[in-house]
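Structure record follows, encoded as structure tokens.
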Amino acid sequence: MSALRWTRGAAGLGRALSSSGRRRPTSEEGTLSGLCSSRRSSAASPREQDAQKEWGHAELLEVLEARVRQLQAESLSQVVVKKGPMDRPLKGHSGRWAQKLEAEKQMKQKRQERFLDQQKQSYTLLTEPRIWSKKLASCLQQSKKGAPKSSEEEEQQLTWALQAAMLKLSSCTPGRRQAKVVEANLLLLQQKFLAFFECCACTDNMPLAHHVLVTQHSKCDRQQLLTLDMYNTVMLGWARKGSFKEMVYVFVMLKDAGLSPNLWSYAAALQCMGRRDQDVHTIQKCLKQMKENGFQPQQLFTDLALAGEEQAALLRAVVKAEPAFSPPPQAPSPVNTCTLLREIYAKNGPKSYPKLHLPLETLQDLFSQQLRVELSANVSVQSVEKAPEMTKEVIEARKTLKTLQGQWEVELLQVLRQTKATMACQAQEGQPTLYPFLCLLSEGEFVSMLLQVLRVLPSQGEPLLHLAHDLGLRVLNRHLVKQKQVTNHVEKLGQRYSQYLRLLASNTQVEAPFLPREYWELLGPPETPPQQPWSVPVLLQLGKQLAELLVQAVQMPRSLAAPQGSCHLIPVLYHVYSFRSYRQVGILKPHPAFTQLLETAAEPTLTFETTEVPMLCPPLPWTSPHAGAYLLSSTKLMRATEGTTQHQHLLERCAPAQLHGALDALTQLGNCAWRVNGRLLDLVLQVFRDKGCVRLGVPPPRSEAPQPARQHLPPGSSPVHKAELRKELARCLKTAREMHSLRSEALYRLSLAQHLRDRVFWLPHNMDFRGRTYPCPPHFNHLGSDLARALLEFAEGRPLGLRGLDWLKIHLVNLTGLKKRDSLSMRLAFADQIMEEILDSADNPMTGRKWWMEADEPWQTLACCMEIAQAVRSPDPAAYISHLPVHQDGSCNGLQHYAALGRDSAGAASVNLTPSDLPQDVYREVATQVEEFRQQDAKEGLQVAQVLKGFITRKVVKQTVMTVVYGVTRYGGRLQIEKRLRELSDFPQEFVWEASHYLVRLVFNSLQEMFSSTRAIQHWLTESANLISHAGWPVEWVTPLGIPIIQPYHREAKVQVKGGIQSITFTSSMNISQKPNTLKQKNGFPPNFIHSLDSSHMMLTALHCHRRGLTFVSVHDCFWTHAADIPVMNEVCREQFVRLHSQPILEDLAKFLEKRFCSFYRSLKPSELALVTKLQETLRSLPEKGNFDLGQVMRSTYFFS
Amino acid sequence: MWGAAMGLPPRLALSVLAGPGRSCILGSGAATRKDWQARNRSGFSEFYLQPLFDPDLEESPFYAFKGRAEPTRHVASKKLARNLARHLLGFQKPSRQLILECNPGVPIKVFGILPDKYGRRILWKTLFDLYSCDSIFRYGRIELNLFVTDKEFQKLTATPKRPDLYQVLSVLWQLACDIKFIHMESLKSMKENLYFIQMTPRKGLFTEHLSPLNYDIFFHMVKHCFGKRSAPIIQHLSSLSTVEPIDVLRQVRLNPGATILQMYPQDFKRLFETIERSEDTIFKWIYNESLEDIQA
């Protein structure tokens, strides 16, 4: 199978999954969905030299070309290589040619070797810069005069040069300093240079970085390109090595470029001096200059994120100059001041934080297992697909595959080395090539990564853009993990973690109750922020280069069956274009024979990235926007499309305590221990390995796909017949592909479940840009379908207690979808009434009466049946230890928040904010109201109203009502209703169009009448967002818990990455520098705002449940806990809802928006001023509130049920 | 007069077939393909179209013509109408029988003006229909009589001798149809000249190796070759097909270094058919239609 299309970083590309869109609830309109949301396209532009690619000697030509470039660079002209493809001999044409080629190849190789040797000897990297300022130049000149000098003298002169450079006034031209608005192309190049320097510093290629910096610096016209960050990066690199001379050179260059050094520059200089034990005088001068520039020595230790060892060097230098200096003590961690969280962070008061059920030793063992997983590149998981029969064919295919892979490894290694050599040469010409990037990982790692990608390349091919992005991201992630290995980070982590475990383990005690984050912070200094991720163009460039290597190197014999060696090789990967109206998409597609080989071989293992698999030990607590979750793999607190930085900036600018609520809630959700429901997994696997079952959500295998009635036509069939056949074939093929993608998704899920069977595992969480929380591992988590949810249960059990069994029964009835209008006691009675069916389902799930299969959520129903059966049969049900999560669902949660915001009594009553004996059903109410309108219209003789008689049901309006809250438009609403009407077999279909138009109008009208305040608030939010975005800003706000939010909808900008086998163009709409997309900003605001509220409510509930010792997880507005704890959770949930809405939420929002967007009047054009004034007016006229008494929520049984 | 009675809608969508009368008139662009199907099922068109090649198809019921949904516009200029009638009918008495008799195998004629803005799009859509025997081409080799702009005319009829105009559309249309220039009308209101052309699908378009079953691969091949115009054909072949390119090129007697500018439309067809004919591999093409499905 061509598995693992989705093997990507957790926050990365969920393309395939999200494109199937099946599991994504409609209410998630505003979510970001990986790369697919930023519409990407790749366009191609031809490259001349491609011509030679397919001649079977591509690598030779590459070397030759590289050689030509090298020779040109050295202005030698020993060899002239004829370019031009046509005079290359044709393969297989004549033996003579082949011989000649072979001879030529050998000769070239020799020359190449000779050249490389020669280069090693003769090529020197520049260290001395060309200085443009005469004054500075003379300082340096002095130090160079009189060549052979003692090192002391040289050092003395370097010191003078440094001092002179520091004193020199920064002759910043205003243009230079305010060069904030850089044109896009220059910006791209700058990103490339900066990433180059950073990578050089990581890979110990400082001389090369220095060389390139010097080369660029000495070009007068290129100086615009170099930024302060670049000089600082190189300087810091030297400082870490303690190389004074080069450091001084860079400092001089920095001043020479007219830049003024910032804190980082001084830190680098001081660090270098600290390492070398420089004389006091120089250090003092340096500090003095630094102070004159407005930086205090304390800031070196507070404002900069330096590693411990670097800080020590820095401190040595500062203390030497000022013996009295001591670094500012670490400020005690500030306390969150949010009123809603006051109780959570109160020092006193009852706290009974839950412990894990595992002892310290077990947890420590689990930690080392997880660490091992993360240190290796990826996880191999046994596939649960039925193993193929080991026929001769299969064995043969596996053997061939293995041989080929061995060959490819060798080939890839060779091509990689050649590419590196070429790039090194180009770098020596001063180009920021990918050379240091290719040094980040070992050659073996690159090769195995590429082979892995080749194995999972889908048979229909993959756009180069996606492949390149994926590869780039993989390298980046591996590199970040490796960085941590280089320093002694891993060791320190181990120590700190095992101390941390004392807080969680069942058999240890800590001195006082702590939240996990608080305790973690106590145990050591905060983590240094990781290296900034590379920009998307850099990522793509690297990925494209790697993909190109793969295309170049990987070949197979034309006839895979024929004996190897003698026969002609053909490429495995083809670079083809697909044509989409006006654009071309470059695609890498494997040779069909290779795909077939893989299918026949049916390798029984799947490979996942470490971040795609749940963790084997409790995740690291979240302590900052970039530290938490996985042990080594970096995970972001707020997930977003790669390359989006706006929210990251906001988060980093926050006061540290402001995020505590979110950090602690996410930590707590991630700390819930899970296990696989083994019995259920067995049943699912049974169905899966058999023929699947669409009704039960187990996708059938590809072999069950529809087959066309005829495969071939008799010769001489008419074109029309052929056209018909083609259509049928296409239809079948499409269905088969869809089935395959669903099947793969299930295969990953079930294989992971099987892999984790009998283990305890954890699902680390992060959040989206609105604060909604999600588990990080993408394939196997509790957010998925009914099947996915049913496979999971709490690893820790709790006795059912007095009412636990009742809650289990009610939960069961809820899962079946029956008795929705009945009270809890009626549901309970119903469960008792059907106890026989329940027990039958539990005992004979596949052979009995199969009652569970008819339920809305069959697998969860079955799991619940089994739990109930076990509980009722245990001697004392109250003592039965239950692991099953029991759910409580908000009834139309979005409308609940709107009704509470507007204190709308009528609305509140219909969404169960007020106590009542029976659950209120807002959908039915809307349906009733719509029916009333219809009857009126029918009486007045409206035809469509008459036609609709008897068809207006709850089901027809439900989806529309549900999604109206999340901003569905009339257009979308009509489509939903149309779909429902089409499902009704007896509805006259010719009226669907008219009827759906009519109905959507009625639904909107009745909602407006029932939820008048909702519409008013929605309108107010929309209008504000409209004005804000028209004034040129993206909408921002802060949730009641203090999470800063910014809407990532901007106008699209095209970015082109040129060079290589094709240029790639991608559009990105996520960047703050682009103007906002007014339509999306406007339409997105109401639903996103409501989502930020529901996430706040969830987090508050989570934190308070934690405080009361409960296990708690959530799927947005569906809260889970143990059956015994449902009453407590329900109480907390209502309490927190009331507290949340007791805050002046809308008033605070209005105040925030006014302060943020209406406070700069200066330099505004009249039209803008008018907008801002209007915005201010809008913000000040808040929608009016009703007189609903919030306190009633506390007594409402069906608020969450 | 015959010509004057003919409706010429403002915007055309060639897949739409509706209306009464002796000739078929293209519906206005607002209608969609679905509409056409629906309408055709309920038999809105006055004369009953029997699909030519497919006796298996269900017969749709015949109803009398009830009325036209689309607004029509008439040829206002007398001169234009006269010229049109003259060129089309050669001064003969206009009648349906006559047209059919003149062109055996051409069951129906379609007249229209190719709108400037959507011209290209309609030409492409029609090409797809033509090669896949879909839409009106289910009924046979429908003759198209179109007013096209100067620019489109040049493109449609371009050969490698006009590298600036030679395009994928030129190749595919010239292969598919016999394109006959009938009349040029210079309109004062527009700066461009309008060309009246007659395009009759060729009898021999479909062969054993090029048929509605695989036309999409052929389209892709031609598009690919025009994607990098300056690249030699052999390079295109090696990323399009797994068949040994040298052998194929030798068979069709094309120079491996040739670019599309040395290839006439017929050469593309021969090249394609040769690859389709080759037997040395089970997988002939890298392309398959899933390529178009990939999200990008």
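Checked against (1) buried (at least 16 other Cβ atoms within 10 Å of the Cβ); (2) within 30 Å of A:VAL554 (Cα to Cα); (3) modelled with pLDDT of 90 or more, A:GLN428 passes all but condition (3). Scanning region A:922-977 for residues being hydrophobic (A, V, I, L, M, F, W, C) and assigned to a loop (DSSP other than H, G, I, E, B) gives a total of 6. Can you spot a residue in region A:571-588 that is within 13 Å of another protein chain (Cβ to nearest Cβ), outside any strand (DSSP E or B) and at pLDDT 90 or above? Scanning region A:571-588 turns up at least one residue that is within 13 Å of another protein chain (Cβ to nearest Cβ), outside any strand (DSSP E or B) and at pLDDT 90 or above.
Taking the criterion of being crowded, with 23+ Cβ neighbours inside 10 Å, out of contact with any Gly (no Cβ under 9 Å at 6 or more places or on another chain) and farther than 18 Å from A:ILE131 by Cα, the residues of region A:244-272 that qualify are A:SER265, A:TYR266, A:ALA267, A:ALA269, A:LEU270. Just to be sure, is B:GLY227 out of contact with any His (no Cβ under 9 Å at 6 or more places or on another chain) and farther than 27 Å from B:PHE137 by Cα? No: the conditions fail for B:GLY227. Please tell me if B:PHE181 is away from chain A (no Cβ under 11 Å), crowded, with 20+ Cβ neighbours inside 10 Å and at pLDDT below 95. When the stated conditions are applied, B:PHE181 does not pass them. Does any residue of region A:686-701 turn out to be touching a residue at least 12 places away in the same chain (Cβ under 8 Å), within 12 Å of chain B (Cβ to nearest Cβ) and surrounded by 15 or more Cβ atoms within 10 Å (Cβ to Cβ)? No, that holds for no residue.
The set of residues in region A:1175-1201 being within 30 Å of A:PRO1034 (Cβ to Cβ) and buried (at least 16 other Cβ atoms within 10 Å of the Cβ) consists of A:LEU1175, A:GLN1176, A:THR1178, A:LEU1179, A:PRO1183. Scanning region A:844-873 for residues that are exposed (fewer than 15 other Cβ atoms within 10 Å of the Cβ) and over 41 Å from the mean Cα position of the chain (by Cα) gives A:ASN844, A:THR847, A:GLY848, A:ARG849, A:ARG873. Scanning region B:205-219 for residues that are in a helix (DSSP H, G or I) and not acidic (Asp, Glu), we see that the one that is farthest from the other protein chains (Cβ to nearest Cβ) is B:PHE218.
Here region A:711-722 is the region considered, the condition is being surrounded by 15 or more Cβ atoms within 10 Å (Cβ to Cβ) and of a type in the set (Gly, Ala, Ser), and the residue that is farthest from the other protein chains (Cβ to nearest Cβ) is A:SER717. Looking at region A:956-975, is at least one residue in contact with a Phe, Trp or Tyr (Cβ under 8 Å, 6 or more places away or on another chain), surrounded by fewer than 20 Cβ atoms within 10 Å (Cβ to Cβ) and either at pLDDT below 90 or within 30 Å of A:ARG827 (Cα to Cα) (or both)? Within region A:956-975 (the criterion being in contact with a Phe, Trp or Tyr (Cβ under 8 Å, 6 or more places away or on another chain), surrounded by fewer than 20 Cβ atoms within 10 Å (Cβ to Cβ) and either at pLDDT below 90 or within 30 Å of A:ARG827 (Cα to Cα) (or both)), the answer is yes, since at least one residue qualifies.
Of the residues A:PHE987, A:PHE991, the single one that is in a loop (DSSP other than H, G, I, E, B), at pLDDT below 90, more than 19 Å from A:THR644 (Cβ to Cβ) and not charged (D, E, K, R) is A:PHE987.
For residues in region A:1066-1083 being within 21 Å of the chain's Cα centre (by Cα) and surrounded by 20 or more Cβ atoms within 10 Å (Cβ to Cβ), which is nearest to A:PHE1137 (Cα to Cα)? Among them, the one singled out is A:MET1070. Of the residues in region B:260-279, not one is facing another protein chain (nearest Cβ under 9 Å) and surrounded by fewer than 20 Cβ atoms within 10 Å (Cβ to Cβ).
Scan region A:423-444 and give yes if some residue there is within 24 Å of the chain's Cα centre (by Cα), closer than 26 Å to A:GLN596 by Cα and part of a helix (DSSP H, G or I), otherwise no. No, the conditions are met nowhere in region A:423-444. The condition (being more than 30 Å from A:VAL576 (Cβ to Cβ) and in a helix (DSSP H, G or I)) is satisfied by just one residue among A:GLN369, A:GLN452, A:GLN407, A:GLN418: A:GLN369. Quickly run through region A:723-749 and pick out the residues that are buried (at least 20 other Cβ atoms within 10 Å of the Cβ), closer than 18 Å to A:VAL694 by Cβ and among the aliphatic types (A, V, I, L, M). Across region A:723-749, the qualifying residues are A:MET739, A:ALA746, A:LEU747.
So that you can scan it fast, the table gives a plain yes or no per residue for (1) under 24 Å from A:HIS782 (Cβ atoms); (2) β-branched (Val, Ile, Thr):
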{"position": "A:TYR630", "(1), (2)": "yes, no"}
{"position": "A:MET638", "(1), (2)": "yes, no"}
{"position": "A:GLU652", "(1), (2)": "no, no"}
{"position": "A:ALA655", "(1), (2)": "no, no"}
{"position": "A:THR667", "(1), (2)": "yes, yes"}
{"position": "A:CYS672", "(1), (2)": "yes, no"}
{"position": "A:ARG675", "(1), (2)": "yes, no"}
{"position": "A:VAL687", "(1), (2)": "yes, yes"}
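Among the candidates A:ARG474, A:ARG496, which residue alone is away from every other protein chain (no Cβ under 14 Å), under 21 Å from the mean Cα position of the chain (by Cα) and either surrounded by fewer than 20 Cβ atoms within 10 Å (Cβ to Cβ) or closer than 24 Å to A:SER1063 by Cβ (or both)? None of the others qualify; the one that does is A:ARG474.
Residue check: B:PHE128 meets all listed conditions (1) among the hydrophobic types (A, V, I, L, M, F, W, C); (2) within 13 Å of chain A (Cβ to nearest Cβ); (3) in contact with a helix residue (DSSP H, G or I) (Cβ under 7 Å, 6 or more places away or on another chain) but one, namely (3). Counting only helices (runs of 4 or more DSSP H) that sit completely within region A:287-358, those holding 1 or more residues that are surrounded by 12 or more Cβ atoms within 10 Å (Cβ to Cβ) and in contact (Cβ under 8 Å) with a residue 60 or more places away in the chain correspond to A:308-321, A:342-345. Going residue by residue through region B:235-249, is there one that turns out to be within 8 Å of chain A (Cβ to nearest Cβ) and surrounded by fewer than 19 Cβ atoms within 10 Å (Cβ to Cβ)? Yes, the conditions are met somewhere in region B:235-249. Of everything in region A:242-258 that is touching a Lys or Arg at 6+ places or on another chain (Cβ under 8 Å) and modelled with pLDDT under 85, the residue that is nearest to A:LEU162 (Cα to Cα) is A:LYS255.
The values are calculated or read from the model by the stated rules, or taken from the named source; none is laboratory data. These numbers were taken from a predicted model, which means no experiment stands behind them. Note: ideal-geometry Cβ built from the backbone for every residue, glycine included; neighbour counts use all protein chains shown.
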